[in-house]
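Everything on this sheet refers to the single structure shown next.
The numbers here are math on the coordinates, done by the rules we state, and not lab data. These numbers were taken from a predicted model, which means no experiment stands behind them. Because the Cβ atoms are built from the backbone with ideal geometry, glycine has one as well, and the counts that use them run over all protein chains shown.
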Amino acid sequence: MSLLPVAEALARVVEGAKPGPAETLPLHEAAGRVLAAPLRALRTQPPFDASAMDGYAVRAADVAAAPARLRVIGEAPAGKLFPGKVNAGQAVRIFTGAPVPEGADAILIQENARKLHGGFIEATEPVTSGRHIRRRGLDFVEGDELLQAGRVLDPAALSLAASANHTALGVVRRPRIAIIATGDELLPPGSEAGPTQIISSNAYGVAAVAKSIGAEAVDLGIAPDRRDAIASRVRRALDASVDVIVTLGGASVGDHDLVHDVLAGEGMALDFWKIAMRPGKPLMFGRLGSTRVLGLPGNPVASLVCSHLFLKPLLAQLGGLSHEPDVRDALLGAAMEANDQRQDYVRATIEDAGGRLIATPFHVQDSSMLRTLANSNALIVREPNAPAAEAGARCRVLFLR
């Protein structure tokens, strides 16, 4: 099987990925979720002409010039409507948010009113009609579309939904993945590892990538290199109705790399296996019915880089989100050798030098070295067969954080 270009591999992974059925959540549980359908206002806001300031409701014609003497005939606190009408020469003490009384068409702010004896005030500044009044429907009118489908429900969106009198919202169901690590050599963190064993790390990083895009991750643990152990975990994943099964390791061509054969035995239709990429060549993708299967390499760096490039866009699409990788232009901080036929993702640090981004690659790029990935804030993307490049040459970088 020939090596598939990265762009084509990604297109196949996300092809046909659509959000699942919507679910309804109470407003207080919907933070961070994705709106499944347009949100319309169930009421008008404000529902009446309201005062925008503390002061006095007046007739602008009475205060067209200052000073002007007015008699205070009552009070309008927030939440209560003054029962009378403001006539010529009269004013009503009013507070922010209160309905503007009938007859009044402006608010004289309290800083521009001086109290006099006998229930009178003196306006020290003139006002114009409509001053400091929030007109009915200023924010929205019942039936207005307030939010589009696909909007992430951030604090402002949630407050708007509440203001529009919604108590529950239809949101896109979170995508769910099952993670299956494989390998006799793997032990969970905290174990006493023998001389030939290593601590399993990939599942934690992959789960974090999934959660960063709003998905849920189910860790099915470490499967030893036995067909029955791998198959049982695959069946558990299917029983859990996950959208994506992610396997870690065991998908290469060694005698103990059993994942592909087990998945094929469970009915997986293989789409591709191996891509023209470094790190991450032994990436596998297929389908088990409606469940997508993404076989990530066992090397930790390759596993995480592939998660950023393939798993994250897939989960974004399944979750109703738009996702654009943060790719920018930069200048190389060090010379780089010519590239081979694979697209290379080189761990690097990015610095801002007077508005120019300088990308300096780490000297050693072994795909087992998590420390360099943790210390990288970007990957230099080198196209297949890219020629050697000197320091200062232009490059493209994919930001990780």
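Build a GNM of the chain with springs between Cα atoms under 10 Å: which of 282, 297, 224 gets the top mean-square fluctuation?
224
Relative contact order of region 50-134, please, whole-number percent, based on alpha carbon pairs below 8 angstrom and at least 6 residues apart.
After rounding, I find 42 percent.
Taking springs between alpha-carbon atoms closer than 10 angstrom, which of 28, 117, 363 fluctuates most in the Gaussian network model of the chain?
Top of the fluctuation ranking is 117.
Taking the Cβ of each residue in 12, 356 as the centre, tally the other Cβ atoms inside 10 Å and list the residues starting with the fewest.
356, 12
Could you tell me the relative contact order of region 135-210? Use alpha-carbon pairs under 8 Å, at least six residues apart, and round to a whole percent.
The normalised contact order for region 135-210 reaches 18 percent.
Enumerate the residues in region 189-221 having an amide nitrogen under 19 Å from the point lying 7 Å beyond the Cα of residue 401 toward its Cβ.
Answer for region 189-221: 201-215.
How many angstrom separate the Cα center of region 38-69 from the Cα center of region 334-366?
Here the answer is 60 Å between Cα centres.
Between residue 261 and residue 351, 0.36 nm times their residue separation minus their Cα-Cα distance comes to what?
Contour length minus Cα-Cα distance gives 27.9 nm.
Give the residues of region 33-66 whose amide nitrogen is closer than 18 Å to a point set 7 Å from the Cα of residue 167 in the direction of its Cβ.
Inside the label zone: 40-44.
Between residue 116 and residue 391, what is 0.36 nm times their sequence separation minus the Cα-Cα distance? Round to one decimal in nm.
Residue separation times 0.36 nm, minus the Cα-Cα distance, leaves 91.1 nm.
Kindly state, to the nearest 0.05, the FRET efficiency for residue 338 paired with residue 368, given R0 = 35 Å and r defined as their beta-carbon distance.
Using R0 = 35 Å, I get an efficiency of 0.90.
Starting from the 7 Å offset along Cα-to-Cβ, what nm value, one decimal, do you get for the label separation of residue 198 and residue 323?
Each label point lies 7 Å from its Cα, and together they span 2.5 nm.
Would you mind telling me the antiparallel percentage of the DSSP bridges in the chain, rounded to 5?
Roughly 70 percent of the DSSP beta bridges within the chain come out antiparallel.
Count charges around residue 212 for me, please; just the other residues with Cβ under 11 Å from its Cβ, Lys/Arg as +1, Asp/Glu as -1. Before the final figure, lay out each step's value.
Details: positive: 211, 312, 401; negative: none.
Result for the local shell: +3.
Would you work out the relative contact order for the chain, in percent, from Cα pairs under 8 angstrom that are 6 or more residues apart?
The value is 16 percent.
Name the residue, out of 357, 263, 39, whose mean-square fluctuation peaks in a Gaussian network model built on the chain with Cα pairs under 10 Å.
Largest GNM mean-square fluctuation: 357.
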